[in-house]
Each structure stands twice: as C-alpha cells, then as structure tokens.
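Worksheet: one structure, shown below.
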C-alpha cells in the first residue's frame, strides 16, 4: 500500500507469565524508536550481473537452450567440466549448479506442486531479467482501494485464470468497511473486484475480478524451500503507484521471523487491531517500497517464490522515520505458505492454522562448552500436540525440521508456516543432550490465536 508500518528485527525480551491458553509466546517488534539510529546498514540492491559481463541469453521454452555454434558449445563444455570439478572439490557455489530451469515439487504435508519455470536461463546465477520481467509482469496487478475513510494502492498476483488474485490482507482491508476494489492489469485494463476471503494472521487475502477476462495469465508457482541465500530474485509490483515496476536483488536471508504489532499503524496511518502477523519470511535486497505489498517475488525462471509484504525502516523519534522508503531490507511471505492459504480461502473463505500448544521464552541454554539461543518451553497445553509428543517445561527447542530456532518468535514463525496435519521434527536440547521429537500439528483452537 502507499504507506507501510516499519519493521525492525526481533528484540530479546522477557516474556509475560505463561498461561495455559497460549499457543506460543511472541516477541513483539517495537515501532517508533526514541533515537534515530538505523537497525540495519542501508545498501543498494545487489546487482544480478557485472556490467562487464556479456548479457546472458534465456529461452522462453522450458527445456530448450538457445542454439550455439559448435566451437562455442565445445568451449562451454570444457569450462563447465572445469567449474564442476572445482565445485565438487570445494563444495562451491550452489547457484551455479542448481536446476532453476525445471519445476520442483514441495509437499509440506499437502499436495503442493510447483509449476514448470516459464523461463530457462542460460546462466541461472546471472539471469536475463528483461526476459523474466516480460514473462512475469502480465501476472502482476495494481490494486486500488477507495472508501469514505481513505484509500490507497497495492499489488497483487494472478493466482489462476478464473480471476482469483492473491494479495496482502492489509491491502484489501486498509480502507475500512465498504471499500471499493479495482484491479488494473499490466495492459492497463481495469476491473472491479470483490473479496473472496481474508486471513489476518498470515496477512494474506484473495480477491476476485468481476467479469474476469478469458486471457488472464496465472503466475507460475515455485518452491521457497529451494531458495538459498544469495540466489538472485526480482520484485514486481506497484510501488508508490508506479505500476509494473521491477527491481532485482538477492535472497538476503531465509526463515527470518518477522512480526507486525497489533496496534501498529495500518497502510493509511490508522490504528489496526487484531492478532500480530508472524511470518517466517524470505528477506531480500530487491528494492521494495510502500505499494509493493501483495506483489510478486520471483526467481530467475519466473516462478513465484514469495508475496512481498513488508519493509524495514530506519526508526526516528516519536515513531517517525528519517528514511521512509526502501533501505535494502524487504520481506516476503514464502510461496508455500501463500499457496496453502490462498487455496483454502478460495475453497472455504477461511484458512486453518497449525497448533503446537506451548508457551515459550527467549533464552540461552548450554550446549557443550558453549551456549545457544533457543525457545525454552514455559508451559504445555494439556492434550495439545506438544503434550501428546512428550514435550516438557524446560525443554529448549533449537530447530524445526532442521531449520534453526533461536527464540520464541522464531518458533511461532516456524509453526505458522505449516498447516494442520503436518508432521514436524523438533530438535530438543535439555541438560546438554539433544533429541528429536516428531509432532503432528493440529488445528489451532479458537481460544488459542
């Protein structure tokens, strides 16, 4: 949307006294610092390729590489062998060997299958972004919200050819009740839209075009679990009302727990209420600004890997910001979570969420001669999945399915990206000893947000 609440990294804090009806304790982010100092060093988006390098080629047909002269092909083969040998010897750069051109499968306890990549890059480590942008842009829309209470703009992604658009919850609800939604496609055609369903806890929503055209182009869905830090990505959206804007950068971090406050200003400067949004986010250096909310984060193959949702900002006194735009720290909801929520909203109008059934706090626990940050359990709800799996007060959770957990907020983010019925493996540290416990997550009770 045209305004966006600032985000800052989670700060360790003392948790409130545990209660039996808590799901997991979250550590809130503070909004509005008393001193104007950056939490991150501002930096420009990473360049996808060196200006001195030749412009890479790309094919729009999956599995078809551009034709090359025999001498050039032979030279490339020799170089490829040398590079592969070096990589095998040194466990080198993953981005050079990963098959970004093909489709991948991500189950996560569901039947989520990625779409084939619409673009096959000759060099996935240095994509031809012009080709990717041409393929992806028709699947990204500009959303306008208007009401008597206010208005604003955001972005959305064409989820299917029936006219369903995935965006952020704060995009469609920021104008208040009785808001009018209009959607402008990349070719400038504009359609009215209605809300199919919203999910405040994940900050996702689905809207549907009225009298949707038959030539809609749904975006190709990728797999956020296949991402690696350093992978090149592109953000596509409607920042500051500039529809069709693309920016590039890299994946800066993965599994970054990010939360927005229950009482943080919404996209229109008003106070929003409700449970905090906790996301196990993809962090990117691609420039994301107000209005990019709900837009696409894609890989070089043109597959959606995340829904852009938030940016970090420099804090100023009284909650103001000395720099209101992009500072090179943006966050996206992983596509695996977005896909699951969107499918549920389209089918039933609401989304189910996973439940572990513990309260926890940030703490450091001994591990050998060192200590490590963890989510230490302070309470276990009777009959909850954690209770049935044998988790106890004092157990320190340090990983979920192999992904590190370094605090209460991190645990919440890891659990919330799953769905009821998923089996997850928790790595527990207690008394200096580690053990793995498998837990089957259930539906979150209404009394346990």
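Read-outs: derived from the displayed coordinates by stated rules, not from any lab. The shown structure was predicted, so the numbers you read here are calculated from the model rather than taken from an experiment. Heads up, the Cβs are rebuilt from the backbone with ideal geometry, glycines too, and the neighbour counts pull from every protein chain shown.
Remark: 363, 401, 223 ranked as 401, 363, 223, counting other beta-carbon atoms within 10 Å and listing the fewest first.
Spin-label model, residue 436 to residue 253: label points 7 Å out along the Cα-to-beta-carbon direction sit 2.7 nm apart. No solvent, one uniform scatterer per C-alpha: report log10 I(q)/I(0) for region 354-443 via the Debye equation at q = 0.19, 0.21, 0.22 1/Å, two decimals. Summing over Cα pairs of region 354-443 leads to -0.76, -0.94, -1.04. Extension gain, residue 240-residue 190: 0.36 nm per intervening residue step, less the Cα-Cα distance, totals 16.2 nm.
What FRET efficiency comes out for residue 147 versus residue 403 if R0 is 41 angstrom and r is the Cβ-Cβ distance? Round to the nearest 0.05. The partial results should precede the final answer.
Numbers: r = 40 Å, r/R0 = 0.98.
Efficiency, from the Cβ-Cβ distance: 0.55.
Ordering 207, 250, 437 from the fewest to the most neighbouring beta carbons within 10 Å gives 437, 250, 207. Put in order of Cβ neighbour count within 10 Å, fewest first, the listed residues 297, 216 become 216, 297. Note on residue 382 and residue 228: the extension gain reaches 51.6 nm, defined as 0.36 nm multiplied by sequence separation minus the Cα-Cα distance.
Note on residue 367 and residue 177: their simple-model spin labels are 5.0 nm apart, each label 7 Å out from Cα toward Cβ.
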